[in-house]
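The values are calculated or read from the model by the stated rules, or taken from the named source; none is laboratory data. From a predicted model like this one, the values you see are computed outputs, not experimental measurements. FYI the Cβ positions are ideal-geometry reconstructions off the backbone, even for glycines, and counts take in every protein chain you see.
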Amino acid sequence: MEGLLPELEVIRKDFPILERTLAGGMPLVYLDSANTSQKPQVVIDTMVDHLERHNANIARAMHQLGAESTEAFETARDKVAAFLGAPERDEVIFTKNASEALNLAATTLGLRGELQIGEGDEILITEMEHHSNIVPWQMLAERTGARLRWFGLTDDGRLDLSNVDELVNERTKVVSLTWVSNMLGTINPVADIARRAHSVGAIVMVDASQAAPQLPIDLAAMPVEERPDLLAFTGHKVVGPTGIGVLWGARAVLEALPPFLGGGEMIETVRMEGSTYAGIPHKFEAGTPPIVEAIGLGAAVEYLGHVGLDAVHLHEQTITAYALEGLQTVPGLTVLGPLDAASRGGAISFELEGVHPHDIAQVLDSRGVAVRAGHHCAKPAHARFGVQSSTRMSSYLYTTPGEIDALIEALHHTRSYFKVG
Amino acid sequence: MEGLLPELEVIRKDFPILERTLAGGMPLVYLDSANTSQKPQVVIDTMVDHLERHNANIARAMHQLGAESTEAFETARDKVAAFLGAPERDEVIFTKNASEALNLAATTLGLRGELQIGEGDEILITEMEHHSNIVPWQMLAERTGARLRWFGLTDDGRLDLSNVDELVNERTKVVSLTWVSNMLGTINPVADIARRAHSVGAIVMVDASQAAPQLPIDLAAMPVEERPDLLAFTGHKVVGPTGIGVLWGARAVLEALPPFLGGGEMIETVRMEGSTYAGIPHKFEAGTPPIVEAIGLGAAVEYLGHVGLDAVHLHEQTITAYALEGLQTVPGLTVLGPLDAASRGGAISFELEGVHPHDIAQVLDSRGVAVRAGHHCAKPAHARFGVQSSTRMSSYLYTTPGEIDALIEALHHTRSYFKVG
Amino acid sequence: MTAQDLDALYQEIILDHYKNPHGKGLREPHEAEVHHVNPTCGDEVTLRVHLAEGRVEDVSYDSLGCSISQASASVLHDLLVGKSLDDAMAIHQDFLTLMQGKGLVEPDEDVLEDAIAFAGVAKFPARVKCALLSWMAWKDATAQAIAGGENQ
Amino acid sequence: MTAQDLDALYQEIILDHYKNPHGKGLREPHEAEVHHVNPTCGDEVTLRVHLAEGRVEDVSYDSLGCSISQASASVLHDLLVGKSLDDAMAIHQDFLTLMQGKGLVEPDEDVLEDAIAFAGVAKFPARVKCALLSWMAWKDATAQAIAGGENQ
Ligand SMILES: Cc1ncc(COP(=O)(O)O)c(C=O)c1O
Ligand SMILES: Cc1ncc(COP(=O)(O)O)c(C=O)c1O
């Protein structure tokens, strides 16, 4: 099949979990990578090596282990900066996950400062956001009296831009949207929206949690009008560990935002009467950061860089196209979201008439096929399509066409198990 | 030497890093455990096993890997609850570190809710706090108009309780203090202070970051008037990984606090117009939590439990007493903080006349002895004693008397290297 | 899990209740109505109780969810309606014990009747919540109904 | 690091400047004063510059810190006072390059004089900040003095 990663079998060997068998000796068919990705040996080994040989706290420690640990941690920041094509490495802030990065932005935009949002201002999001890009903005709106607005969705699962002129207006202070939907798979026109938002002076935040794993990103190469001001992604979806996420922000914006959490490492000086704060990135990294996790993430994005994000993207598109084709052979199955693989990411949510997603996932699991069932933390998008939950398959660089075949076959089996059709 | 862990050599074998040699073939003498502790093999192996065999997102995933991962994560919560003697396992909230736990409390106490702090209210801390237990309360005071007050320190490094009646009054809404000082080593009378604070209706928060590694804690066994309402500690100081911390809170208090970060997993239902939130602990765990880190922490506290916290405490006291004795042989050396090992933790900060802490640490490092130099994130406590920085040695369950000898010898060498005295 | 486990989970009785739920629909009169959600998957139930003279006169409900959650609401209706409040509470407790027993609790068919088919569910932690959704809602609604009655 | 590395770090010149710092103390006149802190360890410097007709007339300072940071302020005083602003900036740049060179940059003794003793420091990332503290403060103060002059 053209478009697959040329060394797919070699790549699969990098991921120890793919050799696991499940109950009944079933091989694992892991199609839940949009939920969390599996980890290559190099990421695990890098973390183990750090813990066994170089573990120390960073920055504060002046001994050899401390110097090694600090060097490894800051090199991880360089690697993440390179992965994003960040204009400056100090613009990369380590958080615990994408959710914290989004909350950091939403919270500090509500605090006293140049960029403070208040009554009369508008916050603009979309109906296809992950809860982590909805709830923080609802909280911001509630705390500040600003109004939360959102782009609706078209029937085929894209942003409804028909009222963009009304939605993006001079009251709009921040626009936050996902680059790739974790439910519908839709790839959004972030450059266009950023351009419009910037023309009214709004800050643009992009949730790249689903984009970073599969799309090449080069922030420095984007025209500045189209470049987001803030961008979030999460380590565990880019073959990195849990416990680590990234907020990238343009220096000027990060400098204008007040600190988020207070504590060790984010200070310049502390007196009981008051404190002053460090510059970026440390200003936003209170306390001991996720050191071994950042180092693991560095190894992860380096691994993806070696495979090549273009190649990963092509692989995802190829698998997605093959999956969309296969799903069409299952009677009563409806895909939610765009149907052409070229304009979507590798997560495909669907309904199967007569069988609830939980029950589908359960039968699939009995055959070793791991998918996600539920609302995928995107309740509003589900509500928009009048469904309460759905089943989602999501592939990644280690997914084979054979695994898609196994999914399709298991779906046929599900129908017969539940005696539908 | 009586009081040492009986199987000290066996315990040391559990920590792979202790076999490392440094530049020039020097063996590692790691005396920086109050900064971060080293990790036993079982913690590393537990994390590796999870990443290689069971990795999946939790709660949301219904497949076998998801069930295994969820089970491992929630079992880690049980283990932490057991470690603290928590009245209820759902009172254990996973955060990214102690700093986040402290910020969570300080931030949510400033938000609309039953416990909201406002103008006219007082927040009480102490002059010996780590920056992570100062800055969040300064921020809270600034945001709400409440007044920040603090206990001063006596010359021998204890809390000055002479004005306790004035400091703890009917305006006091929250008292937050460290159980064990990371700079002075002082063990504070938290039970007494909690009793007083509760008598005026204040919430009591204890920073147990330095206590959890070395003191047996049994919350359920404490009389409720003396039991803190909130308690924080950090994974990397209790032989666990970075990227994980714990906030324990009494159910009633946690339920009265509004949510902190918003996003996946902390919701009950989400509509674009507004959301409702889950119960504890999930209400405070937005986004994908540090899964493998929590599992590593579970293994860590279990490991400490097997060794026995009473035995660890005795070992720490024995080593500390031996170190205090040894330090007295170094001319021009002054210990900051209490001088009797029985009433202090295992961190000892000191000054050496004529040599700056940085330079001490550097010479020690050339002999493989790793200590910390600087303000140890406790600038106000340093200012109180009229010093700008100090050198700190800190031991742990793997520290031997021989390592203390190496430190003392290296300090003598430092004096001659810098030709003092 | 294996194909056998799957069959243990999806007993015929469960699938029958799922296809033909008993007592579904919201009815009058009722003293309390609650709405419960399983945050993990979004399954929902709206449930009403009608109590009279210490007896469960009716349990009516509207629900959206998987076979397990639907069947368990149906079984709840069969088991609790017509029982004295004390008996209903005891049955509720037995069902809870069964579901939280990780598959190790032997159910008493005389008490739990069709609900013994849920014994297989107890082995699947992710599905226990599904099975308990309506039972938790019932307990909540009943508590409210009793409290409401006392306040009058 | 080894005992040799230690000696490379603590060159006699550095220890001499540390014990007898040149130009220490705050003096008048000055056009700008800054206060810089190394957040990691708390080392501090208050530094004043006095410029006149494009020349560095004086650099005066008060500082608290380790041997490296103290010696580097002393060396800075020796090197920059009396130089034209352009020359001083060039020396500043050379010192920066040396310190950030991870020990791989060969210093030019004609330009850097005693400051070449800091070549060993460049191998210790944790100490580079110490060596640069007063140099960063000088740059900041000088920029302020120039901006202040222009605003008049
Ligand atoms: C007393 C005390 N509180 C809080 C902290 C902060 O812990 P962390 O940096 O893991 O958030 C530390 C350690 O650095 C500490 O020693
Ligand atoms: C689009 C999107 N945004 C945000 C998140 C939140 O990521 P995390 O749970 O790691 O914070 C996710 C994944 O769960 C996602 O898919």
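Below, the figures for the structure above:
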quantity: Matching residues, the stretch B:1-13, being in contact with a Phe, Trp or Tyr (Cβ under 8 Å, 6 or more places away or on another chain) and over 15 Å from residue B:319 (Cβ atoms); calculated: none
quantity: Test result for residue B:46, in contact with a helix residue (DSSP H, G or I) (Cβ under 8 Å, 6 or more places away or on another chain), within 12 Å of chain A (Cβ to nearest Cβ) and of a type in the set (S, T, N, Q); calculated: yes
quantity: Residue within the stretch B:64-76 that is surrounded by 22 or more Cβ atoms within 10 Å (Cβ to Cβ), at the interface with chain A (Cβ under 9 Å from one of its Cβ atoms) and assigned to a loop (DSSP other than H, G, I, E, B) present; calculated: no
quantity: Sole residue being away from ligand 1 (no atom under 16 Å from the Cβ) and closer than 30 Å to residue B:147 by Cα, chosen from B:125, B:117, B:93; calculated: B:117
quantity: Failed condition for residue B:5, given (1) touching a His at 6+ places or on another chain (Cβ under 7 Å); (2) under 16 Å from residue B:301 (Cα atoms); (3) of a type in the set (A, V, I, L, M, F, W, C); calculated: (2)
quantity: Candidate set: the stretch B:4-57, residues that are within 16 Å of ligand 1 (Cβ to nearest atom) and in a loop (DSSP other than H, G, I, E, B); chosen: the one farthest from residue B:234 (Cα to Cα); calculated: B:31
quantity: Residue that is surrounded by the most Cβ atoms within 10 Å (Cβ to Cβ), among those in the stretch A:104-137 that are in contact with a Gly (Cβ under 7 Å, 6 or more places away or on another chain) and in contact (Cβ under 8 Å) with a residue 40 or more places away in the chain; calculated: A:132
quantity: Hits in the stretch B:220-259 (condition: in contact with a strand residue (DSSP E or B) (Cβ under 7 Å, 6 or more places away or on another chain) and away from ligand 1 (no atom under 16 Å from the Cβ)); calculated: B:229, B:249, B:253, B:259
quantity: Residue ranges of helices (runs of 4 or more DSSP H) in the stretch A:293-401 with at least 3 members more than 18 Å from the chain's Cα centre (by Cα) and more than 10 Å from chain C (Cβ to nearest Cβ); calculated: A:309-327
quantity: Hits in the stretch A:224-247 (condition: in contact with a helix residue (DSSP H, G or I) (Cβ under 8 Å, 6 or more places away or on another chain) and in a loop (DSSP other than H, G, I, E, B)); calculated: A:225, A:226, A:227, A:228, A:229, A:238, A:239, A:240, A:241, A:242, A:243, A:244
quantity: Residue count, the stretch D:37-66 (criterion: under 24 Å from residue B:375 (Cα atoms) and modelled with pLDDT of 95 or more); calculated: 5
quantity: Residue list for the stretch A:78-103, restricted to those being assigned to a helix (DSSP H, G or I) and touching a Phe, Trp or Tyr at 6+ places or on another chain (Cβ under 7 Å); calculated: A:84, A:91, A:98
quantity: Number of the exception - residue A:349 against (1) at negative phi; (2) crowded, with 17+ Cβ neighbours inside 10 Å; (3) at pLDDT 95 or above; (4) more than 16 Å from ligand 2 (Cβ to nearest atom); calculated: (4)
quantity: Unique residue being modelled with pLDDT of 95 or more, surrounded by fewer than 18 Cβ atoms within 10 Å (Cβ to Cβ) and in contact with a Phe, Trp or Tyr (Cβ under 9 Å, 6 or more places away or on another chain) when the list is A:274, A:262, A:305; calculated: A:305
quantity: Residue within the stretch B:73-93 that is over 19 Å from residue B:281 (Cβ atoms) and either more than 16 Å from ligand 2 (Cβ to nearest atom) or modelled with pLDDT of 95 or more (or both) present; calculated: no
quantity: Looking only at the stretch A:203-254, and only at residues there that are of a type in the set (Lys, Arg) and more than 10 Å from ligand 2 (Cβ to nearest atom), the one that is surrounded by the fewest Cβ atoms within 10 Å (Cβ to Cβ); calculated: A:251
quantity: Some residue of the stretch B:255-264 being within 14 Å of chain A (Cβ to nearest Cβ), within 16 Å of ligand 2 (Cβ to nearest atom) and over 27 Å from residue A:264 (Cβ atoms); calculated: yes
